[in-house]
Amino acid sequence: MNQDFQGKRALITGASRGIGRQIALELAGRGARVAINFLNSQSQAIEVAEEVSRLQDQLNPTGSDDNVVLLKADVSRREDAFSMVGEVCSRWGGVDIIVSNAAAGGFRDLAELTPVNFEAVIRTNASPVIWLTQAAADHLSRLSSTSNAPRNGKVVAVSSHGSRWSVPHYGAIGASKAALESLIRHLALEYGDRGINFNCVLPGIIATDAIASMPGADGLVRAAGERMMVGDRTLTESDAAKVVAFLSSPDSDLIQGQTIVVDGGVSIRI
């Protein structure tokens, strides 16, 4: 493990399980303070916080005990997003990295979709990146920094395969993720001059709990694995988390408004 995120403060939404959990561990393993957002999965969030603490203790056994915080909040609610960012900034003096990862929706055909269903999916999967940015922009902006050293705040969103490809029972979620990618580009346009980077990671089909609950999940995961062009590698949550970490680092300062596909080449095959 390295300490290239030493002193950085990261807020990760939907971090109690799946890719969000792995992102929390990846950033903590590189030295970041980590705020773990959850809504319903409190016991899992506590387990992630304990794992994060162990990683941080390994990196810096004599360091502060105040390097991880649990935040229960519904990120689809603007007031919850503002309150959560405010708590992080009050506790740690600011925030450097926002990872918008929380997602929901349920798997249903568009023929069965209701306005209530669709609006709920958009509110949870697309809207939060707006509210989080509004709440954190002054802290993320290098123009607000009291330090003479240039720094870029980072906002990274996690999209999904359904934003670009048609997946059974996934229409509403796919549309919300396509909207998320568009919002990232427009946030880059509006806030980029303030020294904030906005980018998106689009993982391929990974055998997470969320994917496992999809109808026909085993077939989707198997088919994606067969189409990968990276030898006998299997796509994992860690692969996605490492790209999130890269986009959260100074090495990505000149990457702006992009969606990075992490799928082992599946999407470029005919």
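Note on residue 57 and residue 138: the model spin-label points, each 7 Å out from Cα along the C-beta direction, lie 3.7 nm apart. Computed on the Cα atoms alone, the convex hull of the chain gives a volume of 130 cubic angstrom per residue.
Net charge in the neighbourhood of residue 202 (other residues with Cβ under 9 Å of its Cβ; Lys, Arg +1, Asp, Glu -1) is 0. Oblate is the label for region 15-104, because the ratio a/c of its alpha-carbon gyration tensor axes (a ≥ b ≥ c) is 1.5 or higher and a/b is not greater than b/c. Show that you can apply the helix-only estimate: for the chain, add -39,500 (n - 2.57) for every DSSP H stretch of four or more residues, divide by all residues, and state [θ] at 222 nm to the nearest 500. Result for the chain, helices only: -13500 deg cm²/dmol.
Each reported figure results from applying straightforward, stated rules to the coordinates on display, with no laboratory input. Just so we're clear, the structure is a prediction, and the values are computed from it rather than from any experiment. Using ideal geometry, Cβ is built from the backbone for each residue, glycine included, and neighbour counts are taken over all protein chains shown.
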